[in-house]
Amino acid sequence: DAESANGGYVFYDSEMDKNIAGRLYLESGMQRALQVQEFYLLYQAKIDLHSAQVIGAEALIRWQHPEKGMISPVDFIPLAEETGLILQIDAWVLEAACGQARIWQDAGVRPFRIAVNLSAKEFAFTLPGRVRQALLRHQIASEWLELEITESMLMQNTDSVVAIMDEITALGVSLSLDDFGTGYSSLSCLKRFPIDTLKIDRSFIQGIPADPDDCAIASAIISMAKQLKHKVIAEGVETRAQFEFLKTVGCDEMQGYFFSRPVSAEDFVQLLDKNFCF
Ligand code: C2E
Ligand code: CA
Ligand code: CA
Ligand code: CA
């Protein structure tokens, strides 16, 4: 079920989200999708350069729409965030990812972290409890789970954000900071947050190696992350040249089409045996 080269999406008419009817159509569609299971997850490998193995997966939502075909999250997550439906969607994703972890755990698959994306709205004092419940409900070890959060979540009251993060970390669930570099987080705050991994946004990877600015930004983030004792992963690595550059400047983990596109759970297990030596 690997995604095709163009992403395999059928985009709905871009005029549609400009008109109210289109928004209502999508909004009621998302509600139905939650009920009749039109959403599903694909998994994209995260590669550890030292072992040349898969060390994790990012769960990425897809919507199989009965009339429109496959709809990309970039076309419905923003509307879901506006309408508040994102809370139910994120809850569905957490459930589905934990359910899949349980299937893999039962099958004796070696544990690896499944990273779930959380929208900013999700980051509340109720989050640790909900994560704990999900782990308990599916009876999976917390080493199976990781949460990808964004810089905008760190902008709220720092003390309460740190408290929420500490609670999540205490469960054994790891946290990574997604789209790093695109937000406005104060660098001095970074060391206060119990973040395991900084995830360098694809926009900085794209221009490597031709664009000297992108090269400088990526290598600066990598060395800063290391000095602050965070792990660092580059997303959207598509080419050998990007891979080589990032490896040279000390990036330990990578994710992107160069290694694997997002694939179904069935296809993902096969990647676990693969040696990503280049
Ligand atoms: P993101 O969190 O930055 O996720 C990475 C996106 O980059 C994914 O797009 C992935 O398919 C794509 N990607 C991975 N490797 C490459 C590459 O080498 N080249 C290129 N060009 N793209 C690559 P996707 O799956 O379309 O997701 C888009 C965004 O939608 C995600 O960006 C994330 O912000 C959001 N999203 C996806 N799934 C969920 C979800 O379950 N919950 C929430 N709240 N947001 C989600
Ligand atoms: Ca992400
Ligand atoms: Ca993101
Ligand atoms: Ca990104």
| field | Selection status of Gly183, surrounded by fewer than 20 Cβ atoms within 10 Å (Cβ to Cβ) and touching a strand residue (DSSP E or B) at 6+ places or on another chain (Cβ under 7 Å) | value | yes
| query | If you scan region 209-231, which residues turn out to be buried (at least 20 other Cβ atoms within 10 Å of the Cβ) and either out of contact with any helix residue (DSSP H, G or I) (no Cβ under 8 Å at 6 or more places or on another chain) or under 21 Å from Cys277 (Cβ atoms) (or both)? | reply | Ala225
| task | Within region 139-162, track down each residue that is under 20 Å from the mean Cα position of the chain (by Cα) and either within 16 Å of ligand 3 (Cβ to nearest atom) or at positive phi (or both). | result | Glu146, Leu147, Glu148, Ile149, Thr150, Glu151, Ser152, Met153, Leu154, Met155
| field | Single condition Asp166 does not satisfy, out of (1) at pLDDT 90 or above; (2) surrounded by 16 or more Cβ atoms within 10 Å (Cβ to Cβ); (3) assigned to a helix (DSSP H, G or I) | value | (2)
| How about region 224-272: which of its residues are acidic (Asp, Glu), closer than 18 Å to Arg113 by Cβ and free of Cβ contacts under 8 Å to residues at least 60 places away in the same chain? | Glu235
| Selection count where residues are of a type in the set (Val, Ile, Thr) and part of a helix (DSSP H, G or I), scope region 81-139 | 6
| field | Selection count where residues are within 16 Å of ligand 1 (Cβ to nearest atom) and aliphatic (A, V, I, L, M), scope region 174-188 | value | 2
| request: Give region 174-225 a look and list any residue that's over 18 Å from Ala120 (Cα atoms) and in contact with a Pro (Cβ under 9 Å, 6 or more places away or on another chain), or say none. | output: Cys215
| request: Kindly check whether there is at least one residue in region 124-135 that is away from ligand 2 (no atom under 16 Å from the Cβ), free of Cβ contacts under 8 Å to residues at least 40 places away in the same chain and among the aliphatic types (A, V, I, L, M). | output: yes
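Kindly establish whether Met165 is free of Cβ contacts under 8 Å to residues at least 60 places away in the same chain and within 16 Å of ligand 3 (Cβ to nearest atom).
Taking the combined requirement at face value, the residue does not satisfy it.
The values are calculated or read from the model by the stated rules, or taken from the named source; none is laboratory data. Since the structure is predicted, the reported quantities are computational estimates derived from the model, not experimental observations. No Cβ is skipped: glycine too gets one built from the backbone with ideal geometry, and neighbour counts run over all protein chains shown.
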